[in-house]
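The values are calculated or read from the model by the stated rules, or taken from the named source; none is laboratory data. No experiment lies behind these values; they were computed from the predicted model shown. When we count neighbours, we look across all protein chains shown, and the Cβ atoms used for this are built from the backbone with ideal geometry, even at glycine.
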Amino acid sequence: MKILVLNCGSSSLKYQLIDMEDESVLAKGLCERIGIEGSKLTHKVPGKDDFELETAMPDHAKAVQLVFDALTDKEHGVIASVDEIGAIGHRVLHGGPKLTESCIVDEHVKKVIRDCFDLGPLHNPANLTGIEACEKVVPGKKNVAVFDTTFGMSLPEKAYYYAIPTEYYEKYGIRRYGFHGTSHTFVSHETIKFGHLDPEKAKVIVCHLGNGASISASIGGKGVDTSMGLTPLEGLIMGTRSGDVDAAVVQFICNHEHKTVDEVLNILNKKSGVLGMSGVSSDFRDVEKAAEEGNHMAEVALDAFRYRVAKYIGAYAAAMNGVDAIAFTAGVGENDKKTRKLIVEQYLGYLGAKIDDKRNDVRGKEALISSDDSKVKLFLIPTNEELAIARDTLRLVEA
Ligand code: AMP
């Protein structure tokens, strides 16, 4: 079966068509600037030149139509008709406390996604728009919603409740949900498979280190804890997000800078992290270059980033009473051997974790990077959220 995976943002739409026979990507692409001037579709087919189309996309329905047109185009297409697509898997940010697993979309599911608009104000409206666009353009085709919050829904109560009055959970669903859930589920399972670990009992920590960064603990692939919270702001230091801060910082900046809470939250989400600390960039490569050139705060930002990762690894090793494997993934985790080496060598000696320099000299492919005498296995495991969504979609439509 061929599965189309869609990831809709407020003005963009990313897609991949995956042949589930061998999990190969038949085509992928991106619609940009939907609803604004200068809309463009870029369609990529392995072994062929990229196809680019600049045409008006007033809404997501038009963008979805253009994606189907590109996929079935005589010259640039990869399928003869949309009938070849078995189902469509949608990345949806927030399922709230009610939708705890991926599911086939019906009216109830759409209502819950809508009810969660205030929990995921930037993403959920766009995700629902994408689903409704598919219903309009290819009626009758099954749509599956795969939530970024699913991994966090298996957390135990002691991990997901905030220590605030329970009425706020009861009234508004305020709890830790966690994000990058599709990635944490995928990478923890791949780690178990690739590392030949016990599928029921393996204690795995996944470090998803990209522009957005989060870390998770799981036993047998089931979530035990995760660092992002009600929103993706909590946890690690990220490209532009602060991660953990004392909530009183918000009040302090509001009072002293005469800003609203929304304005300060915007600063914590978009102007903080390694960007805010270094003043250089949110891109780790730029910050590393600045640090090498002697920029002190760039060095401190990277140091603090690694330190925070190490503190969470320590906390999660304690949460699981041990750890069998630590996996690095996403942009920094998959490409930056220096960061991996420093985290392990500076902070994880007490766990008996040892990195092997030669094995660690690797990028973007599954690899064991620890030495044979390491007490904790260390891995590089590339994340693949699209494939994870396609697998879930296939599982549900075949059930
Ligand atoms: P992601 O959000 O997973 O796409 O990751 C993006 C981040 O990965 C950016 O901050 C990049 O600077 C970082 N990244 C990509 N390649 C490298 C590299 N070779 N060394 C350090 N950081 C990298």
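What to note about this one:
- Residue within region 247-259 that is buried (at least 18 other Cβ atoms within 10 Å of the Cβ) and assigned to a loop (DSSP other than H, G, I, E, B) present: no
- Selection from region 228-253 of residues that are in contact with an Asp or Glu (Cβ under 8 Å, 6 or more places away or on another chain), free of Cβ contacts under 8 Å to residues at least 60 places away in the same chain and over 13 Å from Phe179 (Cα atoms): Gly239
- Test result for His180, crowded, with 24+ Cβ neighbours inside 10 Å and either within 16 Å of the ligand (Cβ to nearest atom) or within 18 Å of the chain's Cα centre (by Cα) (or both): yes
- Taking the conditions (1) buried (at least 17 other Cβ atoms within 10 Å of the Cβ); (2) closer than 25 Å to Thr231 by Cα in turn, Val287 satisfies each one other than (2).
- Inside region 301-328, residues that are aromatic (Phe, Trp, Tyr), in a helix (DSSP H, G or I) and within 15 Å of the ligand (Cβ to nearest atom) make up a count of 1.
- In region 304-321, the residues that are modelled with pLDDT of 95 or more reach residues that are of a type in the set (Lys, Arg) with C-beta atoms within less than 9 angstrom, at least six apart or across chains, in these pairs: Tyr316/Lys203; Ala317/Lys203; Met320/Lys203; Asn321/Lys203.
- Considering region 345-389, and only residues there that are within 16 Å of the ligand (Cβ to nearest atom) and in a helix (DSSP H, G or I), the residue that is farthest from Lys28 (Cα to Cα) turns out to be Asn360.
- Elements of type helices (runs of 4 or more DSSP H) in region 152-220, at least 1 residues being out of contact with any Leu (no Cβ under 7 Å at 6 or more places or on another chain), at pLDDT 95 or above and more than 18 Å from Met320 (Cβ to Cβ): 167-172, 181-194
- Lone qualifier among Gly243, Gly235, Gly331 - being in a helix (DSSP H, G or I), in contact with a Gly (Cβ under 6 Å, 6 or more places away or on another chain) and within 27 Å of Asn384 (Cβ to Cβ): Gly331
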